[in-house]
1. Right, Asp114: more than 13 Å from the chain's Cα centre (by Cα) and either within 19 Å of Ala157 (Cα to Cα) or not basic (Lys, Arg) (or both) or not?
2. Just to verify a result, which residue in the stretch 145-166, among those that are open to solvent by 40 Å² or more (accessible area, probe 1.4 Å) and among the aliphatic types (A, V, I, L, M), is nearest to Val125 (Cα to Cα)?
3. Residue under question is Glu169, and the condition is that it be part of a loop (DSSP other than H, G, I, E, B), open to solvent by 60 Å² or more (accessible area, probe 1.4 Å) and at pLDDT 95 or above; does it hold?
4. In the stretch 84-107, what count of residues is obtained for those that are among the aromatic types (Phe, Trp, Tyr) and open to solvent by 20 Å² or more (accessible area, probe 1.4 Å)?
5. Determine whether the stretch 18-25 contains at least one residue that is outside any helix (DSSP H, G or I), open to solvent by 40 Å² or more (accessible area, probe 1.4 Å) and touching a helix residue (DSSP H, G or I) at 6+ places or on another chain (Cβ under 7 Å).
6. Inside the stretch 49-74, can you point out the residues that are open to solvent by 80 Å² or more (accessible area, probe 1.4 Å) and in contact (Cβ under 8 Å) with a residue 24 or more places away in the chain?
7. Give Ala140, Ala136, Ala150, Ala157 a once-over and let me know the one that is more than 18 Å from Tyr96 (Cβ to Cβ) and without any contact (Cβ under 8 Å) to a residue 60 or more places away in the chain.
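The values are calculated or read from the model by the stated rules, or taken from the named source; none is laboratory data. The structure displayed is predicted, hence computed values, not measured ones. Quick reminder, even Gly has a Cβ in these numbers, built from the backbone with ideal geometry, and neighbours come from all protein chains shown. Only protein heavy atoms, including side chains, enter the accessible area calculation; ligands, DNA and RNA are left aside. Shrake-Rupley method; radii C 1.70, N 1.55, O 1.52, S 1.80 Å.
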Amino acid sequence: MLLECTSMISSPWWHFQCSRVYALVGQRDRAANELRAALQIDPSYVRAISALGFLHAKLGRHQLAIEQFQHALKLSPDNAVLLFDLGYVYHLRKDYAMAVAAFEKALRLDANIDRAWYGLGLALVSLERHEEAAAAFEHAAKLQTMNPHAWYELGMASNTLNRPIRLAEVIAHLDRFDPKMAALLTLETQKKADALTEASRPAAAGGVAGP
């Protein structure tokens, strides 16, 4: 398959498909070369621009990835998936405010992108905006009722906001389809509770110092 990819240079679509093959087997540099070849033929090929952004992101080249997604959005400004991709890279770069802005814009265009609600929740947690984060995780969990990560984060947010009833509901729901994640959530929330209890205890009296 790889030899066939290197020998058939016929269209942007073919270069794009070859890039997917190379990326699948971990040859990211060759995948990037195929995407650049596609863009030499058709500079407005949004799928290739976006795929090149993902390759940069996987290699830790976050600024280059952001530039690719911004370029793609100039060509397709109302593309909710591209806005999610941009938010994802901002989150990788720990630029959480920009991630929130991108996720929110994506969701204004398409409120059914569950991973955008999930990413929004994670970014809001990093900004310590816990009420909004919990609401975002509620949306993600509603759209993906069997997504253990969304339910886990909803449980953690509920615990942070001191909502024990909702936490118990989340753990019970998780336990139905992912007992290991339910156990992990129980353990992590109990650790937080134990830490708070320990912190609230008065310090032990120290010994009397000598003269």
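1. Details: more than 13 Å from the chain's Cα centre (by Cα): no; either within 19 Å of Ala157 (Cα to Cα) or not basic (Lys, Arg) (or both): yes.
Considered against the rule, which asks whether it is more than 13 Å from the chain's Cα centre (by Cα) and either within 19 Å of Ala157 (Cα to Cα) or not basic (Lys, Arg) (or both), Asp114 comes out as no.
2. Applying the filter and picking the extreme gives Leu161.
3. Details: part of a loop (DSSP other than H, G, I, E, B): no; open to solvent by 60 Å² or more (accessible area, probe 1.4 Å): yes; at pLDDT 95 or above: yes.
For Glu169, the condition - part of a loop (DSSP other than H, G, I, E, B), open to solvent by 60 Å² or more (accessible area, probe 1.4 Å) and at pLDDT 95 or above - is not met.
4. The initial filter retains those residues of the stretch 84-107 that are among the aromatic types (Phe, Trp, Tyr), namely 84, 88, 90, 96, 103.
From what's left, open to solvent by 20 Å² or more (accessible area, probe 1.4 Å): 84, 88, 96.
Matching residues across the stretch 84-107 total 3.
5. Our first condition is that a residue be outside any helix (DSSP H, G or I); within the stretch 18-25, this holds for 25.
Now drop any that are not open to solvent by 40 Å² or more (accessible area, probe 1.4 Å), which leaves 25.
Filter again for touching a helix residue (DSSP H, G or I) at 6+ places or on another chain (Cβ under 7 Å), leaving none.
The answer is no; no qualifying residue exists.
6. Selection gives Lys58, Gln63.
7. Values: Ala140 fails: more than 18 Å from Tyr96 (Cβ to Cβ); Ala136 fails: more than 18 Å from Tyr96 (Cβ to Cβ); Ala157 fails: more than 18 Å from Tyr96 (Cβ to Cβ).
Of Ala140, Ala136, Ala150, Ala157, the one residue that is more than 18 Å from Tyr96 (Cβ to Cβ) and without any contact (Cβ under 8 Å) to a residue 60 or more places away in the chain is Ala150.
Yes or no, residue by residue, for (1) hydroxyl-bearing (Ser, Thr, Tyr); (2) in a helix (DSSP H, G or I):
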residue: Ala72; (1), (2): no, yes
residue: Asp85; (1), (2): no, yes
residue: Ala99; (1), (2): no, yes
residue: Ala111; (1), (2): no, no
residue: Tyr118; (1), (2): yes, yes
